Amino acid sequence: MSRLNKHSPLHSVIGRISQFRRRRFTGALLLLVSLLFTGAAYAAIAPSANADNGTSAADQIAQGKALFLVSCSFCHGQNGEGVTTTDGKNIGPSLVGTGAAAADFQVRTGRMPLQQSGPQGAYHKRVVFSDTEIKALAAYVASFGAGPAIPSDAAVNAENSWSTDQKDAMIQLGGKVFLTNCTACHNFTGAGGAMPNGAIAPNILNDDTRTIMEALLTGPGPMPNFSDGNLSLKEKQAVAAFVHAQRDQTNYGGSDLLSAGPVAEGLMAWTIGIGSMVGFAIWIAAHTTRTNKKKDA
Ligand code: HEC
Ligand code: HEC
């Protein structure tokens, strides 16, 4: 007796697979699947290929320099001095004094290495470096000249040690700071919005504290920067707490109209609000005693 009984479930599965293999599109499908698989496997291996866990500061800078020369110097110059074309166009700005915070922010959010320039500079793509590599790149960029450092873990995680009262107070403070400094571009809720020149102030609701603090310290693209002199460390932590509170806010029902702010809300007010008032006015006019009298006469 053969090991594969003709009526065994295994046999029928194999039968189905070989039937499937005979279909015309199967070859193309298999090719596509294997290409995707190869691509994914390569992507998983490639970025960390040249990672080594350099520990000392000098090692880290050396590692960062090696990565920088390959991935960044084309646009930013070998020593981060920036590159301009002969007709004065900026291929990549000087990174002198932008600090580790800027490099960490730009690479960790997938903005750098830039692939295509446009009004937005760069927007979130896949992050192509490991954490160790990003730290190394940041250390190398920081070596160009003093600039904001990556916020310390203590500063980033302070939120975890606040009491409920402290947290409420911070969210309140953060709300004030946010309304004064951020709503113009990022909307009242942090949901983001369009800016002149085709740039977009992104939705920041899902950003962690480190990303928010670094964005504030470095002012990416068209965003202004808020140095510690402008917004203290405490105020930065408060803004992050406020943004997270907005994100976690329970939705008590009703449509938030995509939290898209005054335009969407105004549109609703005009069409539904004013529309129904006009309708009601017409209805009243059609049912007054005078109208009824005319009909009677
Ligand atoms: C194709 C060109 C290009 C490449 C490659 C590139 N950059 Fe950039 N980079 C730019 C441009 C253009 C900007 C300005 C973008 C903006 O203003 O939004 C920029 C901005 C930056 C900034 C922000 C500067 C500031 O003033 O805050 C940092 C930091 C940075 N790049 C680091 C890097 C690092 C690190 C790499 C390599 C991993 C890299 N870049 C690769 C073109 C490039
Ligand atoms: C003048 C408009 C403007 C103001 C004011 C502004 N931002 Fe931004 N912000 C932007 C733009 C534009 C970007 C995207 C920059 C880029 O992609 O290079 C951005 C990016 C960010 C990011 C990174 C988002 C991400 O996911 O990558 C954070 C976080 C952020 N802003 C927070 C704030 C906070 C908090 C304030 C107020 C203290 C603020 N911004 C004020 C325009 C603004």
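Straight Cα distances below 15 angstrom link K176 to the aspartates and glutamates D168, E235, with same-chain residues fewer than 8 positions distant left out.
Remark: the stretch 156-248 is approximated by an ellipsoid whose semi-axes, taken from the C-alpha gyration tensor as √(5λ), come to 22, 14, 11 Å, largest first.
May I ask for the equivalent-ellipsoid semi-axes of the stretch 57-142, computed as the square root of five times each C-alpha gyration tensor eigenvalue and listed largest first in whole Å?
20, 16, 10
We did not get these values from a lab; they are worked out from the coordinates using the rules stated. Worth saying up front: this structure is predicted, and the values here are computed from it rather than measured.
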